[in-house]
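Okay, so here's the structure we're looking at.
The values are calculated or read from the model by the stated rules, or taken from the named source; none is laboratory data. The shown structure was predicted, so the numbers you read here are calculated from the model rather than taken from an experiment. Here the Cβ positions follow ideal geometry from the backbone for every residue, glycine too, while neighbour counts run over all protein chains shown.
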Ligand code: K1U
Ligand code: ZN
């Protein structure tokens, strides 16, 4: 297993939209199993609850997540799609962080409840319904796979302020 380098904003790779993975090769691809293990290890080491492939420089449509308090419920989502979302009237604003934006937090409004469909490492399709932190996390990670980062939801003024804050934080931790 290996820890991967998490790309930090403004790395241009964070803006790419990932391509789907061929379902027929998933169950036999040993490299994919290794990558997801490494991503989970990296996510735990960085005290995250999710991590998208683009954040570690991989153009793969997959993310990992573990929102359990015991850090023993790792999940892999390949070619994920949100098939249902609660409407705007049920949207919730809450503070978010991102491993690619260290030291920066922002209040982001997201759907309260989502249904997600994805493939697992056996290439089999599964569906889950999430609320709470998990619902927020899958929306955040799916955004990453589409080249969208949480600061994209903010006004230009707020965004500039947080970009400055992050650069200051990066200089301090160098
Ligand atoms: O994608 C990432 O950068 C990881 C990010 C995902 C995320 C999950 C939930 C809300 C917003 C963003 C994180 O894991 S940030 C760490 C975090 O938010 C958290 C950590 C422990 C408990 C609760 C939240
Ligand atoms: Zn993130």
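Couple of notes before you dig in:
- If the condition is being touching a helix residue (DSSP H, G or I) at 6+ places or on another chain (Cβ under 7 Å) and touching a residue at least 40 places away in the same chain (Cβ under 8 Å), then region 20-52 contributes 26, 32, 49, 50, 51, 52.
- Test: residue in region 133-144 that is free of Cβ contacts under 8 Å to residues at least 60 places away in the same chain, assigned to a helix (DSSP H, G or I), out of contact with any strand residue (DSSP E or B) (no Cβ under 7 Å at 6 or more places or on another chain) and within 11 Å of ligand 2 (Cβ to nearest atom): yes
- When region 117-140 is filtered for residues that are near ligand 1 (Cβ under 9 Å from one of its atoms) and touching a helix residue (DSSP H, G or I) at 6+ places or on another chain (Cβ under 9 Å), only 140 remains.
- Considering 106, 135, the condition of being within 23 Å of residue 75 (Cα to Cα), buried (at least 16 other Cβ atoms within 10 Å of the Cβ) and at pLDDT 95 or above is satisfied by 135 alone.
- Here region 148-164 is the region considered, the condition is being within 13 Å of ligand 1 (Cβ to nearest atom) and within 15 Å of the chain's Cα centre (by Cα), and the residue that is nearest to residue 16 (Cα to Cα) is 148.
- Scan of region 141-159 for residues that are over 24 Å from residue 58 (Cα atoms) and either modelled with pLDDT under 95 or in contact with a helix residue (DSSP H, G or I) (Cβ under 9 Å, 6 or more places away or on another chain) (or both), ordered by number: 154, 158, 159
- Here region 8-30 is the region considered, the condition is being touching a strand residue (DSSP E or B) at 6+ places or on another chain (Cβ under 9 Å) and part of a loop (DSSP other than H, G, I, E, B), and the residue that is nearest to residue 144 (Cα to Cα) is 18.
Results for (1) within 16 Å of ligand 2 (Cβ to nearest atom); (2) assigned to a helix (DSSP H, G or I); (3) surrounded by 12 or more Cβ atoms within 10 Å (Cβ to Cβ), shown as yes or no for each residue.
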{"residue": "32", "(1), (2), (3)": "no, yes, yes"}
{"residue": "36", "(1), (2), (3)": "no, yes, yes"}
{"residue": "39", "(1), (2), (3)": "yes, yes, yes"}
{"residue": "48", "(1), (2), (3)": "yes, no, yes"}
{"residue": "67", "(1), (2), (3)": "yes, no, yes"}
{"residue": "73", "(1), (2), (3)": "no, no, no"}
{"residue": "78", "(1), (2), (3)": "no, no, yes"}
{"residue": "81", "(1), (2), (3)": "no, no, yes"}
{"residue": "95", "(1), (2), (3)": "yes, no, no"}
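- Across region 50-65, the qualifying residues are those that are over 16 Å from residue 21 (Cα atoms) and within 9 Å of the chain's Cα centre (by Cα), and the one among them that is farthest from ligand 2 (Cβ to nearest atom) is 65.
- For region 50-65, the candidate set comprises residues that are more than 13 Å from ligand 1 (Cβ to nearest atom) and closer than 15 Å to residue 38 by Cβ; within that set, the residue that is surrounded by the most Cβ atoms within 10 Å (Cβ to Cβ) is 60.
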